[in-house]
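Enquirer: Please see the structure below; I have some questions.
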Amino acid sequence: MNDLLKDSIFITRTNWLILHRWITIAIVAVTTLIGGQVFKLDINEFGLYLCSLALIVINLTSIYLKKLIIVQNESSVYKELKMLLIFQITGDLLILTIMIHCSGGIENPLFAFYVFHLVNASLFLSVIETYLLTILVIIFFSALAFLEYAGIIPHYSLRYGNFFNISYYSNLYSVNLIVGVFTLTMLMLSYLSTTIGKRLRDQEKSLRDAINKLNEKDRIKNEYVIEVTHEVKGHLTAVLSCLDVVINTGDTIDKTEKQYLLSRAYHRAKHLSDFVKSLLKLTRIRMDQKLEMDWFPIKDVLNEIINSQRSNAQDKSIKLILNDHLVLNLLYGNKLMIEEAINNLINNAIKYTPPKGEVTLTCTTENNFIALVIADSGIGIPADDVPRIFDEFYRASNVVKDVETGTGMGLSIVKQIVERHQGEISVESKLGEGTKFIMKFPYKN
Amino acid sequence: MNQMEKKKILVVDDDLDLVLSLKAFLKNQGFDVITALNKYEGMDQAKTELPDLAILDVMMTYAHEGFDLARDMRKDSRLKDIYIIMFTGIDKETGMNFKANVGNPEIPADGYIEKPVELHVLLDEINRVLAGEPKNE
């Protein structure tokens with residue numbers, strides 16, 4: 001439970017207690033008046049009025065302290081609020097005991113009211129604190145019963161003519177019986193209310209966790225939308241700006257400059273289109289409930305990829321090597337997607353490797369999976385960027401900004417593909433020396 | 001342009017295409033144009049060229065780079081009178097409502113333009129700021 005939540009729970013409980021105490025004060029005053037003046041009971045009226053007064057003092061003190069605590073306005077005040085609640089409840093219990101004493105002692109069934117206090121306390125106190133409070137209740141009540149029995153404090157009777165004419169308080173057997181049953185009842189009550197209270201709190205916590213998780217997902221989604229918008233808007237702004245100049249300057253602008261601006265507009269529009277395509281692809285991979293999976297010949301796929309990438313590598317005089325150590329030719333998965341992942345990584349490797357470098361695709365069979373390693377002798381990834389390279393839209397800081405072909409989505413797509421196959425992907429890189437991507441696909445999920 | 005001398009405008013944005021297209025447009029409109037791709041280049045250009053007006057992108061290498069550049073320029077006694085127009089993407093990106101911030105000493109700017117912008121709107125804003133007219137909301 002977070003601190004602010006505790007604050008609000010404790011404020012609610014404090015307000016609840018204060019409100020009900022006002023009601024109690026009114027009821028005690030009226031019943032005392034009726035009991036004493038109308039029914040002429042032998043109760044201690046003065047004591048009962050004093051109890052009402054004490055309750056008023058507790059209420060006013062609580063209101064004052066509550067204001068003082070809340071105005072503090074520090075990060076969290078739940079500890080102070082809790083102290084205030086414990087103060088109130090202890091005071092209430094003491095006054096209830098005195099009220100019982102003033103109106104018949106153990107002969108007055110009013111002692112059932114201890115139940116309210118304990119149930120209320122178990123709503124916000126810990127299990128141990130609730131039991132400690134229960135013991136306090138038992139001590140108060142037993143002390144009252146035995147002190148009256150021993151004659152150390154006076155006994156006020158609830159006797160009313162011949163209708164109610166008993167005196168349990170002076171009979172050791174009945175005192176023991178009532179105190180014993182009372183003790184058991186209070187202990188059982190604490191046990192029940194703390195158990196139920198705990199269950200409620202656990203449920204509340206799990207609901208709250210679920211809400212927090214949903215809110216967090218919502219926040220991430222909103223940020224995602226903002227990032228996508230930013231990316232799209234950047235390209236659109238450039239396209240519009242370039243075209244605006246061409247359209248609105250007429251013949252007053254140099255022809256080569258015009259041509260240049262048009263070609264830039266085209267490039268940026270093309271880039272935007274690539275970006276949108278990648279975004280759709282990534283979203284589709286993510287949303288597909290079930291991938292179409294089958295056994296396919298992985299060795300053949302690797303050879304095809306290497307052959308198709310060969311000219312791409314030769315353009316930059318990069319050596320493209322396949323080290324095939326696979327035992328089996330079969331892999332279970334979505335062939336097109338796995339092809340796409342490997343192609344993406346090889347494209348990246350070639351793009352970020354200077355001419356005359358080397359790109360190697362190594363495949364090995366391990367216990368339960370196939371490992372595909374794409375290593376290059378390229379520019380490497382700065383250590384600070386490594387943890388974020390699989391994030392959407394993220395591009396390492398050492399990537400030249402005007403390399404036109406990157407959408408910042410390639411590695412996110414690769415990661416999604418690997419994860420949809422219950423595989424793993426990792427990266428090792430040294431700045432200026434090269435990068436190694438390791439994909440592991442399980443044989444069969 | 002009815003001014004006797006050509007006004008000089010500094011354009012700072014990390015998008016090279018945008019910078020080049022703005023440069024072509026503003027030159028065509030009779031301004032002298034100098035450009036920069038980040039706040040360091042922008043500061044250097046401002047110091048050596050002493051432009052009349054600077055158009056600064058807000059989000060460059062990091063979220064508030066343009067604001068920082070604007071503040072740095074205001075702190076420099078030789079650059080503090082250069083008019084500044086903030087050029088920005090969406091408000092949400094920086095979490096600020098720009099229009100409400102004209103005249104805010106925290107973010108010194110004489111005008112704000114939201115991307116993408118039609119160039120004649122930008123031109124109107126440039127002429128307004130250069131003429132020292134207040135913004136009519």
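Enquirer: Within the bounds of the range A:56-78, is there any residue that is surrounded by fewer than 21 Cβ atoms within 10 Å (Cβ to Cβ), closer than 22 Å to residue A:146 by Cα and without any contact (Cβ under 8 Å) to a residue 40 or more places away in the chain?
Expert: No, the range A:56-78 contains no residue that is surrounded by fewer than 21 Cβ atoms within 10 Å (Cβ to Cβ), closer than 22 Å to residue A:146 by Cα and without any contact (Cβ under 8 Å) to a residue 40 or more places away in the chain.
Enquirer: Another question about this same structure. Taking the options A:227, A:257, name whichever one is within 33 Å of the chain's Cα centre (by Cα) and either within 13 Å of another protein chain (Cβ to nearest Cβ) or among the small types (Gly, Ala, Ser) (or both). Step through it out loud before you land on a result.
Expert: Details: A:257 fails: within 33 Å of the chain's Cα centre (by Cα).
Going through A:227, A:257 in turn, just one is within 33 Å of the chain's Cα centre (by Cα) and either within 13 Å of another protein chain (Cβ to nearest Cβ) or among the small types (Gly, Ala, Ser) (or both): A:227.
Enquirer: When the residues of the range A:286-303 are narrowed to those that are touching a residue at least 24 places away in the same chain (Cβ under 8 Å) and in contact with an Asp or Glu (Cβ under 9 Å, 6 or more places away or on another chain), which ends up surrounded by the most Cβ atoms within 10 Å (Cβ to Cβ)? First the steps, then the outcome.
Expert: Taking the range A:286-303 and keeping what is touching a residue at least 24 places away in the same chain (Cβ under 8 Å), we get A:286, A:288, A:291-302.
Next cut, in contact with an Asp or Glu (Cβ under 9 Å, 6 or more places away or on another chain) only: A:299, A:301-302.
Working: A:299: 15, A:301: 17, A:302: 21.
Applying the filter and picking the extreme gives A:302.
Enquirer: One residue is enough: does the range B:3-13 have a residue meeting the conditions at the interface with chain A (Cβ under 10 Å from one of its Cβ atoms) and farther than 17 Å from residue B:79 by Cβ?
Expert: Filtering the range B:3-13 down to residues at the interface with chain A (Cβ under 10 Å from one of its Cβ atoms) leaves B:13.
Within this subset, residues satisfying the condition of being farther than 17 Å from residue B:79 by Cβ are B:13.
Yes, the range B:3-13 has at least one match.
Enquirer: Of the conditions (1) modelled with pLDDT of 90 or more; (2) out of contact with any helix residue (DSSP H, G or I) (no Cβ under 7 Å at 6 or more places or on another chain), residue A:118 clears all except one; give me its number.
Expert: (2)
Enquirer: Count, please, the residues in the range A:304-325 that happen to be touching a strand residue (DSSP E or B) at 6+ places or on another chain (Cβ under 7 Å) and buried (at least 17 other Cβ atoms within 10 Å of the Cβ).
Expert: Initially, the range A:304-325 is screened for residues touching a strand residue (DSSP E or B) at 6+ places or on another chain (Cβ under 7 Å), giving A:306, A:309-310, A:313, A:318-325.
Keeping just the survivors that are buried (at least 17 other Cβ atoms within 10 Å of the Cβ) gives A:306, A:309, A:313, A:318, A:320.
The qualifying residues number 5.
Enquirer: Among the numbered criteria (1) farther than 19 Å from residue A:412 by Cβ; (2) more than 8 Å from every other protein chain (Cβ to nearest Cβ); (3) in contact with a His (Cβ under 6 Å, 6 or more places away or on another chain), which single criterion is violated by residue A:216?
Expert: The one condition residue A:216 does not meet is (3).
Enquirer: Ok, one more. Taking into account only those residues within the range A:29-55 that are among the aliphatic types (A, V, I, L, M) and surrounded by fewer than 19 Cβ atoms within 10 Å (Cβ to Cβ), which is farthest from residue A:119 (Cα to Cα)?
Expert: Among them, the one singled out is A:38.
Enquirer: In the range A:136-151, is there at least one residue being of a type in the set (Phe, Trp, Tyr) and not in a helix (DSSP H, G or I)?
Expert: No.
Enquirer: To continue, here is another question. Please tell me if residue A:267 is under 41 Å from the mean Cα position of the chain (by Cα), surrounded by 14 or more Cβ atoms within 10 Å (Cβ to Cβ) and within 14 Å of chain B (Cβ to nearest Cβ).
Expert: Values: under 41 Å from the mean Cα position of the chain (by Cα): no; surrounded by 14 or more Cβ atoms within 10 Å (Cβ to Cβ): yes; within 14 Å of chain B (Cβ to nearest Cβ): yes.
No.
Enquirer: Another question, then. Answer yes if at least one residue in the range A:368-388 is in contact with a Leu (Cβ under 7 Å, 6 or more places away or on another chain) and surrounded by fewer than 17 Cβ atoms within 10 Å (Cβ to Cβ), and no otherwise.
Expert: Yes, the range A:368-388 contains a residue that is in contact with a Leu (Cβ under 7 Å, 6 or more places away or on another chain) and surrounded by fewer than 17 Cβ atoms within 10 Å (Cβ to Cβ).
Enquirer: Okay, moving on. Of all residues in the range A:275-301, which are farther than 20 Å from residue A:419 by Cα, part of a helix (DSSP H, G or I) and in contact with a strand residue (DSSP E or B) (Cβ under 7 Å, 6 or more places away or on another chain)?
Expert: A:299
Enquirer: Hey, any hits in the range A:40-54 for a residue that's closer than 29 Å to residue A:211 by Cβ, out of contact with any Ser or Thr (no Cβ under 8 Å at 6 or more places or on another chain) and part of a helix (DSSP H, G or I)? Don't jump to the end; show me each part of the working.
Expert: The first filter runs over the range A:40-54 and keeps only residues closer than 29 Å to residue A:211 by Cβ, leaving none.
No, the range A:40-54 contains no residue that is closer than 29 Å to residue A:211 by Cβ, out of contact with any Ser or Thr (no Cβ under 8 Å at 6 or more places or on another chain) and part of a helix (DSSP H, G or I).
Enquirer: Against the condition over 16 Å from residue A:301 (Cβ atoms), in a loop (DSSP other than H, G, I, E, B), in contact (Cβ under 8 Å) with a residue 12 or more places away in the chain and not hydroxyl-bearing (Ser, Thr, Tyr), how does residue A:381 come out, does it pass?
Expert: Working: over 16 Å from residue A:301 (Cβ atoms): yes; in a loop (DSSP other than H, G, I, E, B): yes; in contact (Cβ under 8 Å) with a residue 12 or more places away in the chain: yes; not hydroxyl-bearing (Ser, Thr, Tyr): yes.
The answer is yes for residue A:381.
Enquirer: Among the residues of the range A:114-134, count how many are crowded, with 16+ Cβ neighbours inside 10 Å and within 16 Å of residue A:181 (Cα to Cα).
Expert: Within the range A:114-134, residues that are crowded, with 16+ Cβ neighbours inside 10 Å and within 16 Å of residue A:181 (Cα to Cα) number 2.
Enquirer: Quick check: is even one residue across the range A:24-40 among the basic types (Lys, Arg) and more than 21 Å from residue A:165 (Cβ to Cβ)?
Expert: No, there is no match, as no residue in the range A:24-40 is among the basic types (Lys, Arg) and more than 21 Å from residue A:165 (Cβ to Cβ).
The values are calculated or read from the model by the stated rules, or taken from the named source; none is laboratory data. Bear in mind that the values here come from a model prediction, so they are computed numbers and not experimental data. Cβ sites come from the backbone with ideal geometry, for glycine too, and all protein chains shown count toward neighbours.
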